[in-house]
1. Report relative contact order for the chain in percent, whole number only (criteria: Cα-Cα under 8 Å, sequence separation at least 6).
2. Please work out the C-alpha center-to-center distance from the range 23-89 to the range 101-117 and express it in whole Å.
3. With each run of n ≥ 4 DSSP H residues scored as -39500 (n - 2.57), what mean residue ellipticity at 222 nm is computed for the chain after dividing by its residue count and rounding to the nearest 500 deg cm²/dmol?
4. Please go through the range 65-130 and write out the GluC sites (Glu not before Pro) that DSSP classes as loop and that have at most 15 other C-beta atoms within 10 Å.
5. Loop only by DSSP, 11 or fewer other Cβ within 10 Å of the Cβ. Give me the trypsin sites (Lys or Arg not before Pro) in the range 49-130 that pass, ordered by residue number.
6. Subtracting the Cα-Cα distance from 0.36 nm times the residue separation, let me have the gained length for GLU128 to ARG29 in nm, one decimal.
7. Return the sequence-ordered ³J(HN,Hα) values of the range 25-41 in whole Hz as given by the Karplus equation 6.51 cos²θ - 1.76 cosθ + 1.60 applied to θ = phi - 60°, using x for Gly and Pro.
8. State to the nearest 20 debye the size of the charge dipole of the range 39-129 about its Cα centre, where the only charges are +1 on K and R beta carbons and -1 on D and E beta carbons.
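We did not get these values from a lab; they are worked out from the coordinates using the rules stated. These figures come from a predicted structure and were not determined experimentally. Note that each Cβ is placed from the backbone with ideal geometry, even for glycine, and that neighbours are counted across all protein chains shown.
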Amino acid sequence: MEAGGRLNSRPDKMTGPARMARAFGSSWRGFAAAWRAEEAFRQECLLALIVVPLGLWLGKTGIERVLLVAPMLLVLTVELLNSAVEAIVDRIGTERHPLSGIAKELGSAAVFVAFAILGLTWLLVLLERA
C-alpha cells in the first residue's frame with residue numbers, strides 16, 4: 001500500500017473515460033445476464049415498470065417520490081446481489097453443502113427484507129394522507 005492507504009496502481013490500469021466505459025460495459029453485461037438467467041429479476045423489473053411511474057405520479061413532493069421509488073430500486077439491487085451469490089455458490093460445486101444452502105437462503109432473505117421495505121414505505125407514505 002502507498003502512504004494514505006491507497007493500493008498501488010497497476011501500470012496498465014485504465015483511468016478516466018476508458019475506465020468508465022469498461023465499467024459501463026460490465027454493468028450492461030451484468031443486467032443482460034440477469035435478465036436472461038433470472039426469472040425473479042425479470043418479474044421484479046416488470047413490477048418496477050409499474051411501481052416507479054406510479055410512485056413518481058403519487059408522490060406529492062420530491063421526498064415522497066424518492067421514498068416510493070427508491071425501495072423498488074433497492075429490490076432490484078438486492079436481487080442482483082442475490083443472483084451473484086447464487087452464481088458463485090453454483091460455480092464452486094454442484095454437491096449439496098449446508099453452507100451453500102445457507103448462503104442461498106441468506107440471499108433470499110435479503111430480497112424478502114428489501115420487499116418488506118418497499119411495502120412498508122408505500123404503506124406509511126400513503127397512510128400519511130388518509
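1. Computed over the chain, the figure is 22 percent.
2. Taking the Cα centre of each part, the range 23-89 and the range 101-117 sit 15 Å apart.
3. -29000 deg cm²/dmol
4. Loop-located and lightly packed - GLU95.
5. The qualifying sites are LYS60, ARG96.
6. Result: 31.6 nm gained on full extension.
7. Using θ = phi - 60°, the values come out as x, 4, 4, 4, 5, x, 4, 5, 5, 5, 5, 5, 9, 10, 4, 4, 5 Hz.
8. That gives a dipole near 240 debye.
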